[in-house]
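Asks: Mind looking over this structure? Questions follow.
The values are calculated or read from the model by the stated rules, or taken from the named source; none is laboratory data. This is a predicted model, so every value here is computed, not measured. We place every Cβ from the backbone using ideal geometry, glycine too, and count neighbours over all the protein chains shown.
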Amino acid sequence: MSKAEPVKSLENWIWDAACSIRGAKDAAKFKDFILPLIFTKRLCDVYDDELNRIAKEVGSRAKAFKLVRHDKKLVRFYVPLQPADPEDAVWSVIRKLSDKIGEGLTSHLRAIADENALLKGIIDRVDFNATTHGVRDLDDTRLSNLIERVSEKRLGLDDVEADIIGRSYEYLIRKFAEGGGQSAGEFYTPAEVGEIMARIMDPEPGMTCYDPTCGSAGLLIKCELFMEEKRYPVGASAKGRKPAPLKLYGQESEPTTWAMANMNMIIHDMEGLIEIGDTFRHPKFRKGNRLQTFDRVVANPMWNQTEFAEKDYDADELGRFPKGAGFPGNKADWGWVQHILASLNETGRAAVVLDTGAASRGSGNANTNKEKEVRRWFVDHDLIEGVIYLPENLFYNTTAPGIILFLNKANPHRGNIFLLNASAEFAKGDPKNYIPAEAVRRIAETFGTWHEVEKYSRIVTREEIAKNDYNISPSRYIHTGAGEEYRPLEEIVEELDALEAEARATDKALRKILEKFLGA
């Protein structure tokens, strides 16, 4: 395969390989087997390329094997697999497995992980010989077929560039999300949403970028790819130079998703630090008794989490929840926003994907609402740069549209918030809608320039937000004119409650006037 081969070709092959186990319908069930195997194929083929380079200098591959075994720092990842004939590909050791394939493959991947600290817990998590109720999860026949399909293409340095194999790997993760049901949102944010965030965040070379709920690390990767693309567009001559990479940091609570994130970054040829653990209760990135701070934060935390009680906020010793802001009540969306704010340095910016309800819950309600009070604090302190209302049916675990909330610690637009209603910016897809590339660029450019467009974008003053009881949903201020415009049910119910409360108050006032009149 040449570097000129279109990326679609590699994507189609990688998906066909995944489907070889039990068809497209069941492919997502086997992602924990498939992703490490394709990752290992890339490792083996790149290792072969490195051996070939050394062999040219020392005279033979046999000598190269001996030299690398003696000095493992000569290669990025040392692969302790050596074919009987040193001229054979390293992958052939796996391809030639014929007996107890699951057991042998598991042993080989664990041996590779044992030799490379960066791969511990990443490719050695999976037991290819695992059983459920005495039946193999992936029997040797299907496993052999999968290995054979993965063997069809070479994935070395001379065959496919890191960007192309990385994009294909991301494509595979997206395809798994399509079949992953409710769990898909835990590891994947639609690529076009990530690109909008990256374009608006516009990170500079060498900046620090953090995702506290990083899933498969797609949002971090999008930031790095956009930064590189902006400085060296396709066709432009970089003269062998690359911009200083972003310093990428992430944390993920699910072990299998944490492993996926690490593989995704390595296969993109990116370096970063992905920690494992519960970010909300046990954030790993700290500096003294406060959180470590970053230039950019991108995140898509789980929406409307109810597992955090007031005691969890009270127990915080990292200064994440200012007393003036208060706690957000029984839904953690604004708790995550507070964590993200505390993770920004003095000039830091953030892009956070949230449920639409987070922009409006509590507004128009006569009663005190904790979530609205936190939102009020953010508005009053000029920390919200803007909000984008997304189209419906983009995300894999919900049909709700969602918003992107943008924070800016050094907000140059104090007293104003930029709102953009992108609810109509989609094309029908299967199984989900998507935002076309042209629309992605239009959304990012309109937001980046603060350009007002009728029925699309508006600059709204803090006073107008206050008059609307701190509802910051773009759908409240920008009416697209679409007859079938989606509005969150919660938002509609709360508005009806507010109208009923106003009606009751009006009735009470009228009764008092009538009582005075009749009493006279």
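Asks: What about Glu195, is it over 20 Å from Glu438 (Cβ atoms), at pLDDT 95 or above and either assigned to a helix (DSSP H, G or I) or touching a strand residue (DSSP E or B) at 6+ places or on another chain (Cβ under 8 Å) (or both)? Write out each step before concluding.
Replies: Details: over 20 Å from Glu438 (Cβ atoms): no; at pLDDT 95 or above: yes; either assigned to a helix (DSSP H, G or I) or touching a strand residue (DSSP E or B) at 6+ places or on another chain (Cβ under 8 Å) (or both): yes.
Judged against the criteria, Glu195 is not a match.
Asks: Something else now. Given the conditions (1) of a type outside the set (Asp, Glu); (2) touching a helix residue (DSSP H, G or I) at 6+ places or on another chain (Cβ under 7 Å); (3) closer than 30 Å to Gly324 by Cα, which single one is not true for Leu394?
Replies: (3)
Asks: In segment 108-137, which residues are in contact with a Leu (Cβ under 6 Å, 6 or more places away or on another chain) and either charged (D, E, K, R) or part of a loop (DSSP other than H, G, I, E, B) (or both)?
Replies: Ile123, Asp124, Phe128
Asks: Could you tell me which residue of segment 265-278 is modelled with the lowest pLDDT, considering only residues that are out of contact with any helix residue (DSSP H, G or I) (no Cβ under 7 Å at 6 or more places or on another chain) and either surrounded by fewer than 23 Cβ atoms within 10 Å (Cβ to Cβ) or of a type in the set (Gly, Ala, Ser) (or both)?
Replies: Going through the qualifying residues, I end up with Glu271.
Asks: Okay, next question. Go through (1) free of Cβ contacts under 8 Å to residues at least 60 places away in the same chain; (2) part of a helix (DSSP H, G or I) and name the single condition Ser168 misses.
Replies: (1)
Asks: Given the criteria assigned to a loop (DSSP other than H, G, I, E, B) and modelled with pLDDT under 95, does Val90 qualify?
Replies: No.
One line per residue, one yes/no per condition, for (1) modelled with pLDDT of 95 or more; (2) assigned by TED's automatic domain parsing to the domain that holds Phe77; (3) closer than 30 Å to Asn369 by Cα; (4) part of a loop (DSSP other than H, G, I, E, B):
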position	(1), (2), (3), (4)
Gln251	yes, no, no, no
Met263	yes, no, no, no
Val298	yes, no, yes, no
Phe308	no, no, yes, yes
Asp312	no, no, yes, no
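Asks: Right, something else. Kindly indicate whether Gly335 is more than 23 Å from Arg296 (Cβ to Cβ), under 21 Å from the mean Cα position of the chain (by Cα) and not aromatic (Phe, Trp, Tyr).
Replies: The answer is no for Gly335.
Asks: Is it the case, given these coordinates, that Glu170 is out of contact with any Asp or Glu (no Cβ under 7 Å at 6 or more places or on another chain), surrounded by fewer than 21 Cβ atoms within 10 Å (Cβ to Cβ) and farther than 23 Å from Arg110 by Cβ?
Replies: No; evaluated as a whole, the condition is false for this residue.
Asks: Something else about it: Taking segment 396-427, which residues are farther than 30 Å from Thr461 by Cβ and at pLDDT below 95?
Replies: Tyr396, Asn397, Thr398, Thr399 - these are the residues of segment 396-427 that are farther than 30 Å from Thr461 by Cβ and at pLDDT below 95.
Asks: Another question, then. Listed residues Phe378, Phe406; which is among the aromatic types (Phe, Trp, Tyr), within 27 Å of Ala439 (Cβ to Cβ) and outside any loop (DSSP other than H, G, I, E, B)?
Replies: Phe406
Asks: Now for a different question. Would you be able to tell me the number of residues in segment 444-473 that are of a type in the set (Phe, Trp, Tyr) and not in a loop (DSSP other than H, G, I, E, B)?
Replies: 1
Asks: So for segment 320-335 (the condition being within 22 Å of Ile196 (Cβ to Cβ) and either among the charged types (D, E, K, R) or buried (at least 24 other Cβ atoms within 10 Å of the Cβ) (or both)), does at least one residue qualify?
Replies: Looking through segment 320-335, at least one residue is within 22 Å of Ile196 (Cβ to Cβ) and either among the charged types (D, E, K, R) or buried (at least 24 other Cβ atoms within 10 Å of the Cβ) (or both).
Asks: Out of (1) over 20 Å from Gly166 (Cα atoms); (2) surrounded by 24 or more Cβ atoms within 10 Å (Cβ to Cβ); (3) β-branched (Val, Ile, Thr), what's the single condition that is false for Ile196?
Replies: The failed condition is (1).
Asks: Being surrounded by fewer than 19 Cβ atoms within 10 Å (Cβ to Cβ), part of a helix (DSSP H, G or I) and touching a helix residue (DSSP H, G or I) at 6+ places or on another chain (Cβ under 8 Å) narrows it down to one of Leu51, Leu67, Leu105, so name that one.
Replies: Exactly one residue qualifies, and that residue is Leu67.
Asks: Give Asn330, Asn365, Asn304 a once-over and let me know the one that is polar (S, T, N, Q), closer than 26 Å to Ile200 by Cα and in a loop (DSSP other than H, G, I, E, B).
Replies: Criteria check complete, one pass: Asn304.
Asks: Against the definition (in the same structural domain as Gln338 (by TED's automatic domain parsing), within 17 Å of the chain's Cα centre (by Cα), buried (at least 16 other Cβ atoms within 10 Å of the Cβ) and not in a helix (DSSP H, G or I)), how does Leu220 come out, yes or no?
Replies: No; evaluated as a whole, the condition is false for this residue.
Asks: In the set Met263, Met207, Met227, Met197, which member is farther than 25 Å from Ala342 by Cα and in contact with a Leu (Cβ under 9 Å, 6 or more places away or on another chain)? So that I can check it myself, show each step before the final result.
Replies: Values: Met207 fails: farther than 25 Å from Ala342 by Cα; Met227 fails: farther than 25 Å from Ala342 by Cα; Met197 fails: farther than 25 Å from Ala342 by Cα.
Just a single option satisfies the conditions, and that option is Met263.
Asks: Pick from segment 456-483 the residues that are under 29 Å from the mean Cα position of the chain (by Cα) and basic (Lys, Arg): which of them is surrounded by the fewest Cβ atoms within 10 Å (Cβ to Cβ)?
Replies: The qualifying residue surrounded by the fewest Cβ atoms within 10 Å (Cβ to Cβ) is Arg458.
Asks: So, one more: In segment 108-136, what residues are of a type outside the set (Gly, Ala, Ser), closer than 27 Å to Leu10 by Cβ and surrounded by 16 or more Cβ atoms within 10 Å (Cβ to Cβ)?
Replies: Within segment 108-136, His108, Leu109, Ile112, Asn116, Leu119, Ile122, Ile123, Asp124, Arg125, Val126, Phe128 qualify.
Asks: Criterion first (modelled with pLDDT of 95 or more, of a type outside the set (Ser, Thr, Tyr) and touching a His at 6+ places or on another chain (Cβ under 7 Å)) does Lys467 satisfy it?
Replies: no
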